[in-house]
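Engineer: Next up is a structure, given as structure tokens.
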Amino acid sequence: MEEDLQDLYENAPCGYLSLRADGRIVKANQTFCRWTGYAPAELIGKRLHDFLNIAGRIFYETHFAPLLRMQGFFNEVALDLVRKDGGTFPALINATERTDAEGKPQFIRLTVFNATDRRRYERELLKARDELKTLAATLEKRVAEAAAKQLRSDSALSTQREDAELREQFIAVLGHDLRNPLASISSGLHLIQRSKLDEQAEEIIILMQKSIVRMAGLVTNLLDFARGRLGGGITLTLSALPLEPVLRQVVDELQSIHPDRIIKTDFALTKPITADPMRIGQLFSNLLGNALTYGTEGKPVTVIAKTEEQFELAVCNAGTPIEAAAMERLFQPFSRGEVRPSQEGLGLGLYIASEIAKAHGGTIDVTSTPELTCFTLRMPLQR
């Protein structure tokens, strides 16, 4: 039993030190000797602060030594102990002072715990806390930047939406107000034509009438665009009236405006179609006008209309093929390809045609090769 107690003292998992009242070591166990690298005899007579660095000595003498004298103990004091080879290791020290019956100190007992793992854990914990603070600050900064950016985007989007609505309202008002003066000019020209005119005046009147027709088409497109964007949409008045007379009228009107161009037609409308004749005429006028504008001069524009399983209306022209990039935005408003100055327009014709097709439950498809470009309307025969 005596040997077990001795072994427990010498090889305990902590260091044991016994000090006289003056603080000098009188006994140390093997555990403390192994940690510090000293033999037991080398430790006799040394004081605790001999195993401390300069900062540790000052801290011990000014804080913990007075605390020990005042209350007779201290617990878990963190100090770095200096080994014989000059290296250090972190330690936690507990101390208890024994006194005699009169209260005079007799000796001091110390337990020393190797705190290497604990100190490493604390350092890693502090490092992780600092990294977390840095990460939190970075995230907070990014969130603030994202919120500010979103706020700017929302503000810009709101401004753009307001500007767009204002532009569309302006377009609607402009289109509506242009109709009356155009009608007046057209009526005036018809009255003038009834009087006797020389050949030159007659030619001027015809040119002016062509311009009025073109302007009226632009105004109609403007109004339809504004209605669609402002919520009204393309309105239809459906009927089963034959469409061939409407299509031929459009061909005749555009042929008179382009007398030097060849328009070939092939109409095979053998089944009844439920549609809005005026809107189909507008759609066809936009497609045919587009073909005459962009088609190669001297080459015919071909129009094919037929009723089989569905109503199909194809308008084809020779000319430069449409580029892939332009094909993607072909039916968007205000989208136009590369045109000559005399061909400039608003870029609403194909957009309006597409909207009319959608209103009829149909689609407009485009194919474009170096030989031929075709716009084809396909829609149900009945609505």
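The values are calculated or read from the model by the stated rules, or taken from the named source; none is laboratory data. No experiment lies behind these values; they were computed from the predicted model shown. Here Cβ is always computed from backbone atoms with ideal geometry, including for glycine, and neighbour counts include all displayed protein chains.
Engineer: Which of the numbered conditions does residue 142 fail, given that it passes all the others? Conditions: (1) over 22 Å from residue 24 (Cβ atoms); (2) in contact with a Leu (Cβ under 9 Å, 6 or more places away or on another chain).
Structural biologist: Every listed condition holds for residue 142 apart from (2).
Engineer: Pairs only if they're at least six apart or on different chains, beta carbon under 6 angstrom, first in segment 64-76 and within 8 Å of residue 94 (Cα to Cα), second assigned to a helix (DSSP H, G or I); list them, first residue then second.
Structural biologist: Once the first residue is within 8 Å of residue 94 (Cα to Cα) and sits in segment 64-76, its partners that are assigned to a helix (DSSP H, G or I) give 74/64; 74/67; 74/68.
Engineer: Restricting to segment 237-250, what's the tally of residues that are over 16 Å from residue 306 (Cα atoms) and surrounded by 19 or more Cβ atoms within 10 Å (Cβ to Cβ)? Break it down stepwise before answering.
Structural biologist: Filtering segment 237-250 for residues over 16 Å from residue 306 (Cα atoms) gives 237-239, 249-250.
Checking the rest, the ones that are also surrounded by 19 or more Cβ atoms within 10 Å (Cβ to Cβ) come to 250.
Qualifying residue count for the region: 1.
Engineer: Residue under question is residue 143, and the condition is that it be within 30 Å of residue 34 (Cα to Cα) and among the hydrophobic types (A, V, I, L, M, F, W, C); does it hold? Lay out the reasoning, then the answer.
Structural biologist: Working: within 30 Å of residue 34 (Cα to Cα): no; among the hydrophobic types (A, V, I, L, M, F, W, C): yes.
Spelling it out, it is not the case that residue 143 is within 30 Å of residue 34 (Cα to Cα) and among the hydrophobic types (A, V, I, L, M, F, W, C).
Engineer: Additional query: Quick one: which of 38, 16 is farther than 23 Å from residue 97 by Cβ, in the same structural domain as residue 73 (by TED's automatic domain parsing) and of a type in the set (Ser, Thr, Tyr)? Walk me through it before giving the result.
Structural biologist: Working: 16 fails: farther than 23 Å from residue 97 by Cβ.
Every option except 38 fails the conditions.
Engineer: What are the residues in segment 347-383 that are over 24 Å from residue 238 (Cβ atoms) and hydrophobic (A, V, I, L, M, F, W, C), if any?
Structural biologist: Just the residues of segment 347-383 that are over 24 Å from residue 238 (Cβ atoms), to begin with: 347, 366-374.
Once the filter is applied, which keeps residues that are over 24 Å from residue 238 (Cβ atoms) and hydrophobic (A, V, I, L, M, F, W, C), segment 347-383 yields 366, 372, 374.
Engineer: Right, next: Go through 234, 212, 263, 257 for me and flag whichever is surrounded by 14 or more Cβ atoms within 10 Å (Cβ to Cβ) and at pLDDT 90 or above.
Structural biologist: 263
Engineer: Condition check: surrounded by 10 or more Cβ atoms within 10 Å (Cβ to Cβ) and either of a type in the set (Ser, Thr, Tyr) or at pLDDT 90 or above (or both). Does residue 67 satisfy that?
Structural biologist: On the way: surrounded by 10 or more Cβ atoms within 10 Å (Cβ to Cβ): yes; either of a type in the set (Ser, Thr, Tyr) or at pLDDT 90 or above (or both): no.
So residue 67 fails the test.
Engineer: List every residue pair whose Cβ atoms lie under 6 Å apart, where the two residues are 6 or more positions apart in sequence or sit on different chains, the first residue falls within segment 1-19 and is under 24 Å from residue 106 (Cα atoms), and the second residue, located anywhere, is modelled with pLDDT of 85 or more and surrounded by fewer than 14 Cβ atoms within 10 Å (Cβ to Cβ).
Structural biologist: 18/26
Engineer: Do the conditions hold for residue 302, that is, is it touching an Asp or Glu at 6+ places or on another chain (Cβ under 9 Å), more than 18 Å from residue 363 (Cα to Cα) and buried (at least 18 other Cβ atoms within 10 Å of the Cβ)? Walk me through it before giving the result.
Structural biologist: Details: touching an Asp or Glu at 6+ places or on another chain (Cβ under 9 Å): yes; more than 18 Å from residue 363 (Cα to Cα): yes; buried (at least 18 other Cβ atoms within 10 Å of the Cβ): yes.
Criteria met by residue 302.
Listed here are the residues, each with its yes/no results for (1) assigned by TED's automatic domain parsing to the domain that holds residue 27; (2) more than 18 Å from residue 38 (Cβ to Cβ); (3) loosely packed, with under 15 Cβ neighbours inside 10 Å.
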residue: 73; (1), (2), (3): yes, yes, yes
residue: 77; (1), (2), (3): yes, yes, no
residue: 80; (1), (2), (3): yes, no, no
residue: 84; (1), (2), (3): yes, no, yes
residue: 91; (1), (2), (3): yes, no, no
residue: 95; (1), (2), (3): yes, yes, no
residue: 129; (1), (2), (3): no, yes, yes
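Engineer: Which residues, counting only those in segment 266-297, are surrounded by fewer than 16 Cβ atoms within 10 Å (Cβ to Cβ) and under 20 Å from residue 350 (Cβ atoms)?
Structural biologist: 278, 296
Engineer: Still on this model: Within segment 16-29, restricting attention to residues that are under 19 Å from residue 114 (Cα atoms) and out of contact with any Gly (no Cβ under 9 Å at 6 or more places or on another chain), which residue is surrounded by the most Cβ atoms within 10 Å (Cβ to Cβ)?
Structural biologist: So, considering only residues that are under 19 Å from residue 114 (Cα atoms) and out of contact with any Gly (no Cβ under 9 Å at 6 or more places or on another chain), the one surrounded by the most Cβ atoms within 10 Å (Cβ to Cβ) is 17.
Engineer: If you scan segment 77-113, which residues turn out to be at positive phi and at pLDDT 90 or above?
Structural biologist: At the first step, the residues of segment 77-113 found to be at positive phi are 86, 103.
86 - this is the single residue of segment 77-113 that is at positive phi and at pLDDT 90 or above.
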